[in-house]
Structures are given as C-alpha cells and as structure tokens.
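Each value in this text was obtained by applying a stated rule to the coordinates, not by laboratory testing. Quick caveat: nothing in here was measured; it's all calculated off a predicted structure. Note that we place each Cβ from the backbone using ideal geometry, even for glycine, and neighbour counts take in every protein chain shown.
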There are 2 protein chains.
Amino acid sequence: MEPVLIAGEWREAETPTGAFQAVDPTTKAALPEKYPVSGPSDVRHAFDAAERAVVALSEVSPETIALFLEDYASRIEAQADALVERAARETGLPPEPRLRSVELPRTTSQMRQGAAAARERSWCRATIDTKANIRSMHGPLGGPVVVFGPNNFPFAFNSIAGGDFVAAIAAGNPVIGKANTGHPGTSRILAECAHDAAHAVGLPPGMVQLLYRTPPDVGFTLVSHPSVGATGFTGSRSAGLRLKEAADKAGKPIYLEMAAVNPVFILPGALAERTSALAKELFDSCALGAGQFCTKPGLTLVLGDEWGEAFFAEVTAHFEKAKAGTLLGAQGPRSIAEGIEVLVRHGASIVTGGRVLDDGRYAFASTLLRVSGDAFLANPQGLQTEAFGTVNLVVLAKDVAQLVAIAHTLDGSLTGTIYSDTRGADDLIYARLGPVLRRRVGRLLNDKMPTGVAVTPAMNHGGPYPATGHPGFTAVGIPASLLRFTALHCYDNVRPNHLPAELRDRNPTGKMWRLQDGEWSQKDVGV
Amino acid sequence: MEPVLIAGEWREAETPTGAFQAVDPTTKAALPEKYPVSGPSDVRHAFDAAERAVVALSEVSPETIALFLEDYASRIEAQADALVERAARETGLPPEPRLRSVELPRTTSQMRQGAAAARERSWCRATIDTKANIRSMHGPLGGPVVVFGPNNFPFAFNSIAGGDFVAAIAAGNPVIGKANTGHPGTSRILAECAHDAAHAVGLPPGMVQLLYRTPPDVGFTLVSHPSVGATGFTGSRSAGLRLKEAADKAGKPIYLEMAAVNPVFILPGALAERTSALAKELFDSCALGAGQFCTKPGLTLVLGDEWGEAFFAEVTAHFEKAKAGTLLGAQGPRSIAEGIEVLVRHGASIVTGGRVLDDGRYAFASTLLRVSGDAFLANPQGLQTEAFGTVNLVVLAKDVAQLVAIAHTLDGSLTGTIYSDTRGADDLIYARLGPVLRRRVGRLLNDKMPTGVAVTPAMNHGGPYPATGHPGFTAVGIPASLLRFTALHCYDNVRPNHLPAELRDRNPTGKMWRLQDGEWSQKDVGV
C-alpha cells in the first residue's frame, strides 16, 4: 500500500478503511499500485500537524513561502517526464500538447505567480487609516485549507499543486490535499516534489499533507473539523452540495466550483455573418479535453430561422465526423448517459451520438441535441442538466423575445457568451439580453468560446450558485483567488512593534500597494 | 393597522397573520400603534417589486444612487426631533447624547460616505488586464438584499437606514428591510424619509421596501427566496443560525453579525501601572448603552495575583455603585438572567448584581462575576456565554501559561483586546498571546476598549464564526462593507460599447482607483 503524507512524513495510513487502484481509461485496466482509503485517525493526525504548522507559520516569512512555491515549480519541471507519463496513464489525456506543453507549464506558472504575490504582498489589500490609527489586511485563516481536486486537470487543479493549493499556500495557510481518486499516482509524485521543496526551504512539517481518499463521512469531517480554516472543492454538484451542507453546519467557509452549462447565445447577425466559422468554433470548444471542462459550452441558443437551421446543420456535421476522445474514467460514460437521459426526458432530441462507445476504453459518442424554445421554456430546469463530455444542446428559439425569456430562466453559470454581428446589427438585441445574462454568470464573453481560462488578475472563474457556492470569489486569477482563504484582520490602536510588517508605516517591500487614507500607494506612510 | 412599504407605496398588509405593538421599556406600557405581521403574500409582492427594480437599475446611474443617499440623510436630519422622540420611546435609549448627538449623526454620516463611494466607484475594485483584454469588477447581486436590523441601534443599524442598508444600496441593490420589532415606529419614520428621497431622485419603486415583522417560516422565505441576492442580519445567535441554515440550503449568501464575548486581556505590567484607570475604563465600556453593544467586553482576563485582586476589587466597586440602565425590551432582563444562569452553572460566581430590577422598567442590576483560570479551562464553552447587558466575567488565571491556554479555548469574537505595560515589560507575554488571539477575532485592539466602532475604511466589524458567518467581511467601514453585497463580474473580450463605464478605457470619474495591469491607477487605460 502506498504511503500518505502526514506531518512531514511519508507513512503508512493508520487503520485505513480500504484500498483502491487507479485505472487506465484507454484500456480499463487497473494500475498495480494500491492506495489507502484513510479513516478518522489519518485525518486527526493531519489536523494535529496542521495546527502545529499554523502556530509555526507566525515565524515564517512571506519570502520563505515564495521560495517554496518557486522551488516546487522547479521540481515539477525536473519531474516532467514522470508526471506526464503517469498523468497520461491515469487520465487518458494526451501527453502532447495537453499535459506537457499546456497544463504543466500552466501549473508551474500559477506557482510562480503565487510566489510573486506572496513576496510582493499587495494581495492582502492592506488598508491604513492614519487619523483613526486603524489598520487592516487580509491574513491567513488560522487553520488549514482542505483542497478537493477534480478529475479533469491532474496538474493545474490538483489538490496538492493546483490553483486552490497555490492560493491557500500563498496566503499563508497549510494545505491538506484530498487527491482525486482518478489520479492518485500523479498526486503522489506532485506531493513528493512539494514535500521535498517544503523541507528544502524550511517550512513546518504539516504545511503540505496528502490523503488519497476517505469514506464520505470522513470527508464531511475534513470540511467541518473545528480547526479547518476553509475548503476548496472542484467537482460534481452532488458531491459539492453534500460537502457544503457539512461545512455550512459547522460555520466553515467552503468554496465550490461545480457544474455549469455555460450558455452561448449566437445572435442572428453573427450567424448570418459567419455561420461556418461559428459552427467550427462551437464544436472545437465542446470537444476540447473530450468536453470535460467546467467551462465547456453545454447550451447554445440561436433563433430557429433558416440561418439557425443552417448553422445547426453545420454543427451537426462536425459532431458526426468527430472521433470521440477518451474519458477520464468509468464514471464518465455513465454520467454523460445519465445527463443525456435527463435532457431527452425533458423534451430534447438526440441528433447525433447519444451512446456509450464499446471500443475497449471509456468513451462516449460526441452528442448533439436540439430542442425548440417553446419546449425549453416548458422545462428550463431539466434542460440545464450538465453532461460532462462532448455534448451540446442547441435551443432554436422562435424569436428574440423568446431568446430573452429563455435567458431569464437560466441558472447560475461560470460563463455566458454572446456572439454578435461585427457591424452592430445585433446591438438592440444585445441591449435586451446582456443585462439578463450578466446577473447569471461569473464571466461574460463576447465573440469567444468560454473554454479557455487565462490565469490573469481580472479572470473570474466563479459565478452565482449553483455554479459555485458564493458569487463574490474566483478560483482562478492571482491575487484575487487568494482572498478566499483569508480572514480580515483589523488592528485598532495596536502599537507599531505589535503590527505585522504589512501594516507598519514603512512599506515592507517598497512595491506593495496599500490603501492609505483612501489613496492606493506604494510609499511609506507619512511620506 | 400601520401600512407596510411595498412597490413604492404605503399600503395595507395583505392577509397579515397578526399584529403587534411597540412597548416603552421605561414603563412597560404598550404604545398605541398597531403593526402588521406580514404573511407570504406581502413577501411575494415585495420580491416581485424588487425584481422589477433590479431590471430598472441597469438604467440608473451611480450618481442617482449617491443623490438618493444624500437626500435621505438630509430628510433624516429634518425629521430629527420626531425620530429621536420615537426612538427614545421605543428603545429607552437616552435622547441626549446617545440618540441625537451620537447615533443620528453617525447614521447620516454613513449615508454620505456611501454616497461618496457610489459616486467615486473605487469600491468596485475594477481590474483591467489590457493584454488579455479581460476586465472585472464587483457589481450588484442581481437580486434584492434583505436586511434584518437589531434592537440596539434604532438608527445606525436600522434595516432601512443603517450600515447594511447603505452598503447594499451603494452597491446598487434594492433593499427589503425587515424592521426590528422593538422599534417599528422609528423604522416607519425612516422608511418615509427613504421613500420620499427615492421618489424625489427617481429611483425605481421597489428599491426600498419595509416589512415590520413576519412569522418565522416567512422569515426563512425572505433569506432563501429564489430571487434574493443576499441577506444582512444583526442580532442574536439563535435567530441568526436558524436564518443561516435556511439561506445556506438555498445557496444564498447571508452575512451575520451575532453574539461575541470580546475578550479583554490585561497583562500584569499594565495592571501594575494603571489599575484604577483600567478598572474605570472596563466598567464604562461594559455600561455603555446599558451593555447592549455587540462589542461590549464580556470577558476580562488577568492574573489572579495581588494586582489582579486589587483590580478586581476596584472593578467591583464600580459595578456596585452603578445605576443600571434601562434595557431595550422585555427580552433584555430575561436573556441576561439566562446568560448569567449558564455562567454560574459552569462555575462562575456572582460578586455583585445578578438580579432583575423591579422598578417599573426593563432593567437588570449591573453584574460582575468571577471565575478561576482552572475553572474556566474546565468549561470554556459554557463560560463564553454572552449576557447582553452590563455584565462581565473576570477570569483570574494562575499564571501566564494559563492565560495563554485560556486564549487557545476562545471562540471567534468580533474583537479581542490586549492591555500591556507602556514601557514594554509585558512584551514577552504579548508575543505568546498575540498570535493566539489574532486567529480568534476580527479586530485586535491595544490599550483601548472595543465598544467604539469607527466608520472608517480600515474598520473590521466582523470576525470568525460564530461571531459572524464568514471571516473575510466587515459590516462597518466603507467601502469594504459594500463587497458583501456584490458579485464578481468579469468581462472577457467584451466590446467597448458593451462594457460598463467602470471598465472602459476612460476612467469614468477621473478619481476612481483601478488595478490596471497590476498597478493601482486613477488614469485612463493607455495613458
């Protein structure tokens, strides 16, 4: 049985409740390594070590945290061959370009951005009111952050290396990673790099810990433990909502990134202008990563006129021609089939695809469905069911009023997209649709599919419930993503020698932005 | 029966489930006016009107919102006599200086600060990444904010005029106020001012609505309604946690400001240096507003040596001498008695006070309790029970290690205070205690009692659960308090004519601070 990482040591799980193996999705064959299902005692030890780490962290400088993230990134690059090989084996994702040239560099880039943020410290939004002598900043939570990683990004969203991990660490919190059970071996290699980097720079043991799997009740303990600071979760809505219930009851913050249908509206002028290009763009976005992206467009909305039908025919041709990608695991085809079944039950028709592929791997035929605007409005909830694969439901509305009426029925999504005519012919429709969509999505796009999620400060990978658990935060984009894992720390009349460096008169880095008496400044106070 | 304010009209409650009257706490006599207990149909009408207001708001400028808040503030000043008279009658709080010279100006000042924030717009933290052409800002929630006001600040935290109201409106959201049932008449006069101001500047009807009371199940509907944006609640822990459960289940944000014991540590050097001054300071802070402040110190921690005992004797003398203030209502003496009963049951001894006063008004004797550090550590939960009045529990610890051990057992509080020797004699103790307390409180103070809550940008009137529901937000302090009532709105590749003014290249006010390519700036983009 493979060891877990607790309290700075790779050790045997204590009284595990079971064991599991990863599966190669391209062959459905189990991989040889066995990983433990951790019981309550591993969780207890992890929280004990994390508590000691929290105490020790009050003596650790932001520079050490920055060095850790940079060293970790370098170790990942040094282990790139092993990581790519293992991740490809466990997820079926293509080694090139996806894993080696796209996801791995993105992962190390996030780490280096997190390091830069930790070092420079503007992320904490220091606010200094000199007259009242009240000073505040965002600081660490005072308890570890538990991260549940999803199956679809073995590096960039990994519980022990991805965006939530980086945000939590850069904000000064220990992390307890709960690996995704789809890629335990990848998580283990990453955790080895993290462990070695933490040791090299002198972070406290317990700063970075890894469990592979827990029974559900132990998972609830992870998010509701008296000393947990917060939880970051990326995954399915059903799992997310059960964890949310446990965390909410305990008064513990939990940031969820769950299902979303990411509606794409293509207005009539845009369709008339560039039908073929849009059909290809839509298909490519649906097929990226075999459709297993949180930002995959699941719902396309057009007018059902001759342009709409012509567009639909072109999209259909793309879906028919496509070779289906390999899915991440056994649950992939199952959950896609379930999702499609719900869509059909609520009035959608399958135009192409709709079946599990029986070719030795986990795969599902690329699937396109259609439904009329009238039918959509009769069952707007059921017809927003996510199918996590290359699946899209096209709604053909009878007129613009119906398009807008449909927008009013949409649930919270991560993204919403509007394609419009480049010469302004759609602007009146946009004016009606835009405000309705704005309220329902985290990121509003124009003329661009939502699948790409740039790691840039203005990004919002978030959105209204039920896409996430809180509309005010993003899971991607540094420094904003750090704010999820912080508490607001105010100092009222606190003596200079008891203030953290970030709030003393002298700017600790000379580059940190602070809101001083209402002005953002990089200067020392009083200069 | 007094009318409710729904959809821009003062109208009779529709099928109310009952009626209630305010009570003069100085005489226990009911006031003549009858107010309705609103049933589901009033709530439905209010949400319908709020939904229309949300749609109409996309055409309303921040300038109009600013003018509304300023006009409202002026109308409050014009109605000061009526407001002070009514509030004094309903709450028993002294007209002077408390209501007229302190709380009313604070209330109008918050409104004008909110107006300035709405006009200037830095509050929305616009972030512009020119290379990726991704732009984001905090924007309104897309649904009304429901505000539950507490009993203890009839103006400054009133559901229809106080800090939560101002924050929600300034961020561009309609408000449905649920008046505190202790001061319905005061709320009504305020709502009349608000209604007139909204009409005068042309805000949509449904921007400001007022209900007086609801049965509990209808209250749960208010916080969990499909179209509610978020809730702001200030009040008791039991009511807050029940509303939280309903809101959490529906995935709706709720910001709670509940009970807190606000521990005050007085280190031995400070005691030796200024015993008498500290004893008076502590008593005055406990007695302010008859002890009915969320930031009232409920727990004082000192060493039980001769200095500690001398301090305790002086504090006792202050409590013994004091004339008890009038409490806000019938539940005041009852809940204080209950709180004290819990403290005594867990080992505290009453040194003075401890009884309901029978002098024709709602009052409870100023009460001081004591407990040893050993006894505290045996029952740290029970001994952190809040008694919302002039009540303080002094813990006399046997040594510094025990003082620190006690700090480790403290629940989340709004504030935590450390008094230390002015020449540094306590610095070694502070170094041990400070980090432990930091994790447990929102605002850490030195050498100053926590009762005052300045309305200043760096203020944090918040803290870890169970003092509030989320450690990252403040209920007081503009502009930060606005962020509770916002969603993060990202615009990816959105055409300039579809961007909100705050995110276009041109700075809309010339004064708005925006984070442009990592630099905070007031300039136009590209300049």
Next item on the list: Could you pull the copy-to-copy label distances for A:Gly424, with points set 7 Å along Cα to Cβ, in nm to one decimal and sorted shortest first?
Entry: 6.9
Next item on the list: Hey, can you grab everything whose amide H is under 5 Å from the amide H of B:Tyr255? Only 5+ residues off in sequence or another chain; H modelled, so Pro and N-termini drop out.
Entry: B:Thr231, B:Gly232, B:Phe233
Next item on the list: Just name one of A:Ala322, A:Thr486, A:Val145: the one whose Cα is farthest towards the positive end of the charge dipole of the protein assembly as shown (beta-carbon charges, Lys/Arg +1, Asp/Glu -1).
Entry: A:Thr486
Margin query: Skipping prolines and chain starts, which residues have an amide H placed within reach, meaning under 5 Å, of the one on B:Val494, given they are 5 or more residues away or on another chain?
Written below: A:Asn446
Check: Nearest 10 degrees, 0 to 90: what angle lies between the long axis of helix A:184-201 and the longest principal axis of chain A (Cα atoms)?
Finding: 30
Margin query: I'd like the Karplus ³J(HN,Hα) series for segment A:126-143: coefficients 6.51, -1.76, 1.60, θ = phi - 60°, whole numbers in Hz, and an x wherever there's a Gly or Pro.
Written below: 4, 10, 10, 10, 6, 5, 7, 6, 10, 9, 9, 7, 7, x, x, 6, x, x
Next item on the list: Quick one: compute a quarter of the convex hull surface over the Cα atoms of chain A and quote it in nm².
Entry: 24.8
Next item on the list: Take the Cα atoms of segment B:373-418, build their convex hull, and give its volume per residue in Å³.
Entry: 88
Checklist line | Globularity index of segment B:441-485, i.e. its alpha-carbon radius of gyration over 2.2 N^0.38 Å | finding: 1.12
Item checked: Cα-Cα pairs of segment A:150-195 separated by more than 12 Å (percent) -> 54
Margin query: For a bin width of 10 Å, list the pair-distance distribution of segment B:101-251 built from all Cα-Cα distances, rounded to whole %.
Written below: 11, 38, 33, 14, 4, 0
Check: Along each of its three principal axes, how wide is the spread of alpha-carbon positions in segment B:218-285, in whole angstrom units, largest first?
Finding: 58, 18, 18
Next item on the list: Take the cross-link list B:Lys178/B:Lys252; A:Lys178/A:Lys249; A:Lys131/B:Lys296; A:Lys28/A:Lys178; A:Lys321/A:Lys398; A:Lys178/B:Lys252 and give me the ones stretching past 19 Å between alpha-carbons.
Entry: A:Lys178/A:Lys249; A:Lys131/B:Lys296; A:Lys28/A:Lys178; A:Lys321/A:Lys398; A:Lys178/B:Lys252
Note to self: With angles folded into 0 to 90 degrees, how steeply does helix B:80-91 sit against the dominant principal axis of chain B? Use alpha carbons for both and round to 10.
What the structure shows: 50
Next item on the list: Convert 10 °C to kelvin, take the viscosity as 1.306 mPa s, use the Kirkwood radius over C-alpha pairs of segment A:9-141 as Rh, and evaluate the Stokes-Einstein diffusion coefficient in µm²/s, rounded to a whole number.
Entry: 85
Next item on the list: Sorted from largest down, give the three principal axis spans of the alpha carbons of the protein assembly as shown, whole angstrom values.
Entry: 89, 66, 54
Next item on the list: Please find the FRET efficiency linking B:Ala378 to B:Ala29, where r is the Cβ-Cβ separation and R0 is fixed at 41 Å, and quote it to the nearest 0.05.
Entry: 0.35
Checklist line | segment A:413-478, dipole about Cα centre (Lys/Arg Cβ +1, Asp/Glu Cβ -1), debye to the nearest 20 | finding: 180
Note to self: Report D for segment A:1-63 in µm² per second (integer): Stokes-Einstein, Kirkwood Rh on Cα pairs, 25 °C, 0.890 mPa s.
What the structure shows: 178
Next item on the list: With everything on Cα atoms, drop me the angle between helix B:62-78 and the longest principal axis of chain B, reported from 0 to 90° to the nearest 10.
Entry: 50
Next item on the list: Could you pull out every one of the lysines with an alpha carbon less than 20 Å from that of A:Lys511, ignoring same-chain neighbours closer than 8 positions?
Entry: A:Lys523, B:Lys523
Next item on the list: Percent of Cα-Cα pairs per 5 Å bin, from 0 to the last occupied bin, for segment A:246-299, please list those.
Entry: 4, 16, 18, 17, 11, 10, 8, 5, 4, 4, 1
Checklist line | segment B:1-62 - percent relative contact order, Cα under 8 Å, separation 6 or more | finding: 33
Note to self: Going by amide H atoms built from the backbone, whose H comes under 5 Å of the H on A:Trp513, apart from near neighbours?
What the structure shows: A:Ser122
Note to self: Please report the equivalent ellipsoid semi-axes of segment B:328-455, computed as sqrt(5 x eigenvalue) of the Cα gyration tensor, largest first, in whole Å.
What the structure shows: 29, 18, 13
Margin query: Taking the Cα centre as origin and putting +1 on Lys and Arg beta-carbons and -1 on Asp and Glu beta-carbons, what dipole magnitude results for the protein assembly as shown, to the nearest 20 debye?
Written below: 140
Margin query: To the nearest 20 Debye, how big is the dipole of segment A:386-527 about its Cα centre, given +1 on the beta carbon of each Lys and Arg and -1 on that of each Asp and Glu?
Written below: 200
Checklist line | Hull-based mean projected area of segment A:162-261, where the convex hull spans the alpha carbons, in square nanometres | finding: 6.9
Check: Counting only DSSP beta bridges with both residues in chain A, what percent are antiparallel, rounded to the nearest 5?
Finding: 40
Next item on the list: Would you mind classifying segment B:459-520 by shape? Square roots of the alpha carbon gyration tensor eigenvalues, ordered a ≥ b ≥ c; an a/c under 1.5 is rounded, otherwise it is prolate if a/b is larger than b/c and oblate if not.
Entry: prolate
Next item on the list: For segment A:314-327, take each phi angle, set θ = phi - 60°, evaluate the Karplus expression 6.51 cos²θ - 1.76 cosθ + 1.60, and give the result in whole Hz per residue in order, putting x for glycine and proline.
Entry: 5, 4, 4, 4, 4, 5, 5, 6, 6, 7, 5, x, 7, 8
Item checked: Rg [Å, one decimal], Dmax [Å, integer] - segment B:417-465, C-alpha atoms -> 12.1, 35
Item checked: Globularity index of segment B:408-499, i.e. its alpha-carbon radius of gyration over 2.2 N^0.38 Å -> 1.49
Note to self: Per residue of segment B:30-35, what does 6.51 cos²θ - 1.76 cosθ + 1.60 with θ = phi - 60° give for ³J(HN,Hα)? Whole Hz please, x for Gly and Pro, Karplus curve as stated.
What the structure shows: 6, 7, x, 5, 10, 10
Item checked: Reference-scaled alpha-carbon Rg (2.2 N^0.38 Å with N residues) for segment B:485-527 -> 1.17
Next item on the list: Using +1 at the Cβ of each Lys and Arg and -1 at the Cβ of each Asp and Glu in the protein assembly as shown, identify which of A:Thr108, B:Ala161, A:Val441 lies farthest towards the dipole's positive end.
Entry: A:Thr108
Check: In whole Å, what are the Cα extents of segment A:282-370 along the three principal axes, biggest one first?
Finding: 40, 26, 24
Check: Projected onto the charge dipole of the protein assembly as shown (+1 at Lys/Arg Cβ, -1 at Asp/Glu Cβ, origin at the Cα centre), which of B:Tyr35, A:Ala66, B:Asn379 gives the Cα projection farthest towards the positive end?
Finding: A:Ala66
Item checked: Hydrodynamic radius (Kirkwood) for segment A:377-447, which is based on Cα pairs only, to one decimal in Å -> 13.2
Check: Among the DSSP beta bridges whose two residues both lie in the protein assembly as shown, what percent are antiparallel, rounded to the nearest 5?
Finding: 40
Next item on the list: Kindly list the residues of segment B:183-198 that lie in the label zone of B:Ala19, defined by a backbone N under 20 Å from the point 7 Å along the Cα-to-C-beta vector.
Entry: B:183-189
